[in-house]
1. Please go through region 60-71 and pick out each residue that is in contact with a strand residue (DSSP E or B) (Cβ under 7 Å, 6 or more places away or on another chain) and either assigned to a loop (DSSP other than H, G, I, E, B) or closer than 16 Å to residue 9 by Cα (or both).
2. If you scan region 1-59, which residues turn out to be out of contact with any Ser or Thr (no Cβ under 8 Å at 6 or more places or on another chain), among the hydroxyl-bearing types (Ser, Thr, Tyr) and either touching a residue at least 12 places away in the same chain (Cβ under 8 Å) or part of a loop (DSSP other than H, G, I, E, B) (or both)?
3. State whether the residues of region 42-52 include one that is more than 20 Å from residue 3 (Cβ to Cβ) and modelled with pLDDT of 85 or more.
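The values are calculated or read from the model by the stated rules, or taken from the named source; none is laboratory data. Just so we're clear, the structure is a prediction, and the values are computed from it rather than from any experiment. All Cβ positions, glycine included, derive from the backbone under ideal geometry; neighbour counts span all protein chains shown.
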Amino acid sequence: MRTTYEEIFELLGIKNVTSKRQRKNGTHVFEIPFETYGGDRIRLATYKSGAIRNVNGCYSCYQLNPTKLEKWQNTDFDHKVRIPITSHEGRLEFLLKFIIRNYYKKQHTIVKWQTYTHEPSVSVTIGGQKYRIQ
């Protein structure tokens, strides 16, 4: 059964690329229409355990779950603890907000960077003065 969040993902161009094995285990993997610096599509996954991770194929996937500070076993030191999101709908909602905040709102800066690095430049000489047009 499709959820409202999955319909929104489809509208935003976010693909569900979950394999049969992952689906059986309660994992859902989504590929967003933005690329890493290596040219691969960015993949984000939600797990039945409540974890949400960035799984871009790097040496280590990292958690995106919200955090809270707790005291470390009878000491004065604090450490961050990840808060699992237990419901499937809750994980999809968190993932949607994360994607919009970190990728869709920042899309204009990514496009500017690509535009500036890939545009050819032309040099023109007028009256002995050299002008560079970009």
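1. As a first pass, look at region 60-71 and keep what is in contact with a strand residue (DSSP E or B) (Cβ under 7 Å, 6 or more places away or on another chain): 61-65, 67-71.
Those that are in contact with a strand residue (DSSP E or B) (Cβ under 7 Å, 6 or more places away or on another chain) and either assigned to a loop (DSSP other than H, G, I, E, B) or closer than 16 Å to residue 9 by Cα (or both): 61, 64, 65.
2. Once the filter is applied, which keeps residues that are out of contact with any Ser or Thr (no Cβ under 8 Å at 6 or more places or on another chain), among the hydroxyl-bearing types (Ser, Thr, Tyr) and either touching a residue at least 12 places away in the same chain (Cβ under 8 Å) or part of a loop (DSSP other than H, G, I, E, B) (or both), region 1-59 yields 3, 5, 19, 36, 37, 49, 59.
3. For region 42-52, residues more than 20 Å from residue 3 (Cβ to Cβ) and modelled with pLDDT of 85 or more: present.
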